[in-house]
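The values are calculated or read from the model by the stated rules, or taken from the named source; none is laboratory data. Values in this document were obtained by computation on a predicted structure and should not be read as measured data. With ideal geometry, Cβ positions are generated from the backbone for all residues, glycine too; neighbour counts draw on all protein chains shown. The protein model used for the area step is the full one, side chains on, heavy atoms only, and it has no ligands, DNA or RNA in it. Shrake-Rupley method; radii C 1.70, N 1.55, O 1.52, S 1.80 Å.
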Amino acid sequence: MNQSNQPIVQLTDITRTYIQGEIEVNAVSNFNLEIKQGDFATLCGPSGSGKTTVLNMIGALDEPTSGIVSIEGQSLSELSRSEISALRRDRIGFVFQSYNLIPVLTAYENAEFVLALQGVKPAERHDRVMQVLKEVGLEGLENRRPDEMSGGQQQRVAIARAIVTRPAIVLADEPTANVDSATAEALLDLMQELNKNDGVTFLFSTHDQRVIDRAKRVIHLRDGQLESDVLQ
Amino acid sequence: MQLNRLAWKNLWRNKRRTLITGFSISLGVFLSVTFTGTGDYGYTNMIDASATMGLGHVTVEAKGFNETPSLDKRLKNSEKIREQIITLPNVSDATVRIMGQAMFASASKSVGGSFLAINSATESEKINLMIRAIVEGELFDENDGRGIVIGSIMAEKLKLKLGKKIVYTTTDINGEIVGEVARISAIFKTGLDEVDGAMVLLPIDRVRKTLGYTADESSMITVIISDQRRAEELRDQLTTMINDPETEVLSWQQTQRDLTGLITIDKTTNYLSQVLVGLVIAAGILNTLLMGVMERTREFGIMMAVGMPPSALFRLVILESFWLAIVGLIMGVMITAPWYWYLLEVGLDFTEMFEEMGGYSAGGVLIDPIMHIRLFKESIIAILSGVFILTLISGLYPAWRAVKTNPVETLKTI
Ligand SMILES: Nc1ncnc2c1ncn2[C@@H]1O[C@H](COP(=O)(O)OP(=O)(O)OP(=O)(O)O)[C@@H](O)[C@H]1O
Ligand SMILES: [Mg+2]
């Protein structure tokens, strides 16, 4: 429904200030960013530079102190709490660093969780979940619970859960930080394929050079400000 | 959404904690059933026993007789009203009686006491404790005859035996002192000293003549019903049916105040101790649920991040408390059923303890030394809903805490 000329994410003059005791800390200041359909971009920069803060604001988990966050042309500040909740459910996929999953649910049920929240019919849910689990390479592991899977497999389930709803963008905060090198490469292969074949838009935050090397676009932050935004 | 299934699974994440809490709920069910069940049984037992001591579950009488009994407060048309009452559903018996005071004398001694003048055709041991307790002789069968039934203690005091003569004196409706001679046709022994020493049964028509009552006048109609809980309902029904300002219909709660007071006090202590037990258990449930919530803040953060609305999260925790209540109830039924069955079929025998305490009576009423149990339907409903309400209320705060989860905060820590 979105033409590629409309940005999926638009941050306009964003500042996010935390008050710590007496002092104000600008986690992010005067930050502008556009993410387009099909991007495979990463935020990088030293620890504390504001990467997570930016992702959280795009994911409507946090609000800027000033500035506008728009998702598919919709300014988030105009949405009610339940609309925000529905927006996260329908338009945004999340992959966190680790412990992404609901421990009592199987791989299948975790991937199904958001579809169920959306009220998708069980038969359709089943088809879509089986399809996506196959896509992320978890065929046959549907009934495993998180504690019966490796870290890499758990991250695959998280990716499956994030993409099964066909969101506008998948936000992944350091998705490779807690897995070994080979697993990181495999996860990146997977996400790259999803990006290439299905056009899934990704925005990462990372310290991981492998992620930076594979990204089509690298956005550098320093002290909460944009340092560079490079297509590669 | 399969919130229910998720809640059920969450409940078993910490099996030990859930089982311990379930066990504490089941203990509450056990105590509650025991307290309530012995009460339901014991009160009914006492009320029914008391009803057969003269005043019934419901009494129809001349206005004011209950407050200050006197011979000029007389119920007219008693037989006709009785005929009507006896046809009503739930009424198992109704009988016309005259009650009064008299002096009873033998050749050697005299004692004061009360008489209950009865119609031997409509009385039976089912509704009259004294008839039930006859140990010698038989109830007189002539209502106009000279028979009298006295208690064992009075017989002893007056040094009288079965078949001997006894003289009683009372005042008639004109205030004149009148005397009669009667012959002892039976002696009863109820075990209650105040009954065995001071109550007698007399034939009603003879007493009517002595007192100057007409053939259809009496002190009261005593009504016995199959379920004591319906006494007040029947009282109201009879009041409307009889519809006479000179007549009063009273329930056992009004005519047997001592018993009513005793039961009220007992019920209240019983109820309060159950509330206390309930609060202790509720604190345990709250603790379990709250711990469960506090351990899962990251998980809640993720669920909210991926679009679970706070209301659904709230429901999830409430459902967890709901399932905890179900688990507790099932465990409760498992441990309570055998105990309930035992009390129902066998009962606890307090005979020795009662003997040491010197009797089987409380509030002037005989009580069964073997304690049984019985649960009224409304008590079962009360216990079940009590458990659910307590558990669900205990779930409110943890549920609220869960909803307060801030995804950003919880996701920051890995
Ligand atoms: N809740 C908060 N209260 C106060 N300060 C905060 C809070 N969250 C973040 N900050 C501050 O905001 C700045 C940016 O933090 P952020 O987590 O976005 O950095 P980051 O780039 O993701 O770092 P890292 O690479 O370590 O994850 C930091 O200085 C941090 O201390
Ligand atoms: Mg970060």
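A few points about this structure:
- In order through segment A:91-105: 3J(HN,Hα) via Karplus (6.51 cos²θ - 1.76 cosθ + 1.60), integer Hz, x for Gly, Pro: 10, 10, x, 10, 10, 9, 4, 6, 6, 7, 9, 7, x, 7, 9
- Peptide A:47-59 shows a mean partner chain C-beta count of 1 within 10 Å per residue C-beta.
- Segment B:E295-B:V111, length gained on full extension (0.36 nm per residue, minus Cα span): 58.4 nm
- Per-selection Rg to Rh, chain A - Cα, Kirkwood hydrodynamic radius: 0.96
- Among A:V164, A:V25, A:V179, residue whose mean-square fluctuation peaks in a GNM of chain A (springs only between Cα atoms under 10 Å): A:V25
- With R₀ fixed at 30 Å, the C-beta to C-beta distance from A:I23 to B:N406 puts the FRET efficiency at about 0.90.
- Solvent-accessible area of B:L344, all protein chains in place: 80 Å² (probe radius 1.4 Å, heavy atoms, ligands and nucleic acids excluded).
- The long axis of helix A:107-118 is offset from the longest Cα principal axis of chain A by roughly 60 degrees.
- Peptide A:102-114 has a mean of 4 when you count, residue by residue, the C-beta atoms of other protein chains within 10 Å of its C-beta.
- The HN-Hα couplings worked out from phi for segment B:326-332 by the Karplus form 6.51 cos²θ - 1.76 cosθ + 1.60 (θ = phi - 60°) are 4, 4, x, 5, 5, 4, x Hz, whole numbers, x standing for Gly and Pro.
- Its DSSP H runs of at least 4 residues, each contributing -39,500 (n - 2.57), put the calculated 222 nm mean residue ellipticity of chain B at -17000 deg cm²/dmol, to the nearest 500.
- Long pairs among A:K36/A:K134; A:K134/B:K15; A:K36/B:K404; B:K9/B:K377; B:K73/B:K157, criterion Cα-Cα beyond 29 Å: A:K134/B:K15; A:K36/B:K404; B:K9/B:K377; B:K73/B:K157
- For A:R222, distant residues with modelled amide H under 5 Å away: A:E227
- Where a label projected 7 Å from the Cα of B:D368 along Cα→Cβ would reach, residues of segment B:341-355 with amide N under 13 Å: B:343-350
- Under 19 Å from the B:K267 label point (7 Å along Cα→beta-carbon), backbone N, segment B:14-34: B:32-34
- Using the empirical formula 2.2 N^0.38 Å as the baseline, the Cα radius of gyration of segment B:100-237 reaches a ratio of 1.07.
- Our coupling estimate for segment B:151-162, obtained by passing each phi through the Karplus curve with A = 6.51, B = -1.76, C = 1.60 and θ = phi - 60°, is x, 5, 5, 5, 4, 5, 4, 8, 6, 10, 10, 3 Hz, Gly and Pro reported as x.
- Unit Cα scatterers, Debye sum, segment B:281-414: log10 I(q)/I(0) for q = 0.16 Å⁻¹: -0.87
- The stretch between B:V181 and B:K161, if pulled fully straight at 0.36 nm per residue, gains 5.7 nm over its current Cα-Cα span.
- Neighbourhood net charge (10 Å Cβ-Cβ; Lys/Arg +1, Asp/Glu -1) for A:R214: -2
- Degrees between helix B:257-294 axis and first principal axis of chain B (Cα, 0 to 90, nearest 10): 10 degrees
- Within segment B:394-414: backbone nitrogen closer than 18 Å to the B:A283 label point (7 Å, Cα to C-beta): B:394-398
- Residue of B:M199, B:M308, B:M371 that the Gaussian network model of chain B assigns the largest fluctuation, springs spanning Cα pairs under 10 Å: B:M308
- Principal axes of the protein assembly as shown: Cα extent on each, largest first, Å: 130, 53, 48
- Relative contact order %, segment B:70-218, counting alpha carbon pairs below 8 Å whose residues are six or more apart: 30 percent
- Chain B, relative contact order in percent, only Cα pairs under 8 angstrom and at least six apart counted: 27 percent
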